[in-house]
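Report on the following structure.
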Amino acid sequence: MQGQLDSPLTDLGRDQAARQAEILRDFGVIGWDWYASPQGRAIATARIALGDHDAEITVDPRLCEIDLGDWSGEMRSDIRAEAPQLFETGDMGWYDHAPGGEGLAGLAARAGAFLADLERPAVIVTHGITSRVIRCLALGLPVRDFDSLAGGQGVAHHVSGSTARVVI
């Protein structure tokens, strides 16, 4: 469980970011704003995905991954062994129970503030849970539905109005 811990981008991550550069080039994001989480793996991804676009990447701390508090750096299997009741429902609501973590409401508050500040189309390079919560907010879905949205590394999600799709 990384949460807000930082780690370098792996070779696979660099390959996925290069693929994202192709996806974004083909999709057509010229003139869009670019934002990234301040975590190193997100900044590295954004720099690669930027490709040959002439744009500046704005680093915004509101795009950090969810803070997992005491669970940061722990194995999910160890957390499940210590608190199996949190995993009985099969959804990812256990993120709300991380000791010392921010929970989904905290993440939604900062992600909502970020979205409220957007003035035009943007490429946002962030993390798995943060991406899902941002998409819930943008689509007008309850944040608790975040785990029903597609995740995945090395993909691009296009959100416009009340629709979202994975761009590959």
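We did not get these values from a lab; they are worked out from the coordinates using the rules stated. Being a predicted model, the structure only gives us computed values, none of them experimental. Neighbour counts are summed over all protein chains in view; Cβ atoms, including those assigned to glycine, are modelled from backbone coordinates with ideal geometry.
Quick check: anything in the range 11-20 in contact with a helix residue (DSSP H, G or I) (Cβ under 6 Å, 6 or more places away or on another chain) and either of a type in the set (S, T, N, Q) or under 25 Å from G69 (Cβ atoms) (or both)?
Scanning the range 11-20, I find at least one residue that is in contact with a helix residue (DSSP H, G or I) (Cβ under 6 Å, 6 or more places away or on another chain) and either of a type in the set (S, T, N, Q) or under 25 Å from G69 (Cβ atoms) (or both), so the answer is yes.
What tally of residues in the range 36-61 results from selecting those that are part of a helix (DSSP H, G or I), without any contact (Cβ under 8 Å) to a residue 60 or more places away in the chain and in contact with a Cys (Cβ under 9 Å, 6 or more places away or on another chain)?
0
For the range 3-18, which positions are surrounded by 16 or more Cβ atoms within 10 Å (Cβ to Cβ) and either in contact (Cβ under 8 Å) with a residue 40 or more places away in the chain or under 22 Å from R120 (Cβ atoms) (or both)?
Across the range 3-18, the qualifying residues are G3, Q4, G13, Q16, A17.
Here is a list of conditions, (1) free of Cβ contacts under 8 Å to residues at least 24 places away in the same chain; (2) under 19 Å from V59 (Cα atoms), and I124 meets all of them except one; can you say which number that is?
Looking at each condition in turn, I124 falls short on (1).
What's the total number of residues in the range 108-143 that are of a type in the set (S, T, Y) and either closer than 12 Å to V159 by Cα or loosely packed, with under 15 Cβ neighbours inside 10 Å (or both)?
Total satisfying the criteria: 1.
Would you confirm, using the coordinates I've provided, whether G73 is more than 15 Å from the chain's Cα centre (by Cα), over 19 Å from G151 (Cβ atoms), of a type outside the set (D, E, K, R) and outside any helix (DSSP H, G or I)?
yes
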